[in-house]
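Everything on this sheet refers to the single structure shown next.
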Amino acid sequence: MRALKFTLSGKNAFFKKPEVNAYFYFTYGQIHRVALLGILGAIVGYKGYGCTGTYPEFYEKLKDLKVSVVPRNSQGYIQKKVQMFNNTVGYASQELGGNLIVREQWLENPVWDIYILLDSREADKIAEMILDKKCVYIPYMGKNDHLADICAAKVVELDVVTCENVVLSCLYEKKDGKLGIADDEEEEYEDEEEVPEFKYEEKLPVGIDSHLNLYQYETFCFTNMKVTLKEKKIFKTEDRMLVFY
């Protein structure tokens with residue numbers, strides 16, 4: 001089994017939470033699946049929201065893509081800062097002068113390693129474009145103020161791991177895994193050198209529904225503790241343990 005690996009980063013990113021649209025706008029703390037598919041769709045030239053059909057074209061074409069996201073920021077936490085600026089296009093606000101004061105929460109210096117399972121024609125098409133350093137539309141991190149930097153692209157080999165208790169290098173869906181170790185591994189684990197444990201958890205979009213194109217959510221975790229996964233295939237590449245979703 002093979003996968004495309006590349007590093008995705010930027011000076012800032014803004015993956016807007018749709019629940020709040022007054023006073024200021026919040027961002028998700030990680031790149032989520034729909035936003036990532038949007039970036040990949042831009043690279044190969046698929047259209048976004050507003051096109052006719054059940055789904056936006058990029059989602060219709062790429063919704064079955066298998067991806068794995070490895071946060072590179074320390075313990076998965078990306079610093080956020082609220083930015084305030086004026087929108088003076090004239091039609092932005094009903095206030096005198098048409099000036100809208102915008103407050104947005106931006107991620108600062110986010111970095112992820114992205115893996116795409118090469119098991120379909122669409123995945124191969126994306127790999128070809130990224131490896132050749134080509135794109136149809138310029139990819140950006142949530143909005144066109146934040147350009148995406150894609151580098152270090154290569155194809156890696158994946159090996160299936162039979163062990164159910166592993167330290168995952170990537171985000172995983174909380175419902176698929178349970179923190180903890182098997183009883184027969186407990187003694188061996190206690191002898192290992194102690195390291196500070198951490199766990200990052202956030203509810204993120206994993207798809208959009210077919211009726212209103214609203215986000216569908218799952219809770220994701222990122223931790224350096226062992227995770228028990230019984231119904232999810234685990235892959236090893238280089239020095240990392242990955243699951244795809």
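The values are calculated or read from the model by the stated rules, or taken from the named source; none is laboratory data. Quantities reported herein were computed from a predicted structural model and do not represent experimental measurements. As a convention, Cβ positions derive from the backbone with ideal geometry for all residues, glycine included, and neighbour counts pool all protein chains shown.
Per the conditions (1) at pLDDT 95 or above; (2) surrounded by 13 or more Cβ atoms within 10 Å (Cβ to Cβ), the sole criterion not satisfied by residue 164 is (1).
Just to be sure before I move on: is residue 128 farther than 20 Å from residue 11 by Cα, crowded, with 17+ Cβ neighbours inside 10 Å, at pLDDT 95 or above and among the acidic types (Asp, Glu) in the structure I sent? Taking the combined requirement at face value, the residue does not satisfy it.
The single residue among 163, 170 that is farther than 20 Å from residue 35 by Cβ and assigned to a loop (DSSP other than H, G, I, E, B) turns out to be 163. I'd like the full set of residues that are part of a helix (DSSP H, G or I) and surrounded by fewer than 18 Cβ atoms within 10 Å (Cβ to Cβ), limited to region 1-34. Passing the criteria: none in range.
Note on region 203-225: among residues that are exposed (fewer than 13 other Cβ atoms within 10 Å of the Cβ) and among the hydrophobic types (A, V, I, L, M, F, W, C), the one that is nearest to residue 242 (Cα to Cα) is 214.
Looking at residue 84, is it within 26 Å of residue 167 (Cβ to Cβ) and at pLDDT below 95?
no
Restricting to region 144-155, name every residue that is out of contact with any Leu (no Cβ under 8 Å at 6 or more places or on another chain) and either surrounded by 15 or more Cβ atoms within 10 Å (Cβ to Cβ) or modelled with pLDDT of 95 or more (or both). Listed by number, the residues that qualify are 145, 146, 147, 151, 152.
In the set (1) buried (at least 21 other Cβ atoms within 10 Å of the Cβ); (2) in contact with a helix residue (DSSP H, G or I) (Cβ under 7 Å, 6 or more places away or on another chain); (3) aliphatic (A, V, I, L, M), the condition left unmet by residue 44 is number (1). The set of residues from region 97-125 being among the aliphatic types (A, V, I, L, M), at pLDDT 95 or above and closer than 23 Å to residue 85 by Cβ comprises just one member, 107. Among all residue pairs at least 6 apart or on different chains, which show Cβ distances below 7 Å where the first residue, located in region 140-165, is among the basic types (Lys, Arg) and the second is in a strand (DSSP E or B)? These pairs meet every condition: 154/5.
Quick grid of which residues meet (1) out of contact with any strand residue (DSSP E or B) (no Cβ under 8 Å at 6 or more places or on another chain); (2) part of a helix (DSSP H, G or I); (3) farther than 27 Å from residue 233 by Cα:
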| site | (1), (2), (3) |
| --- | --- |
| 113 | no, no, no |
| 116 | no, no, no |
| 124 | yes, yes, no |
| 136 | yes, no, yes |
| 144 | yes, no, yes |
| 153 | no, no, no |
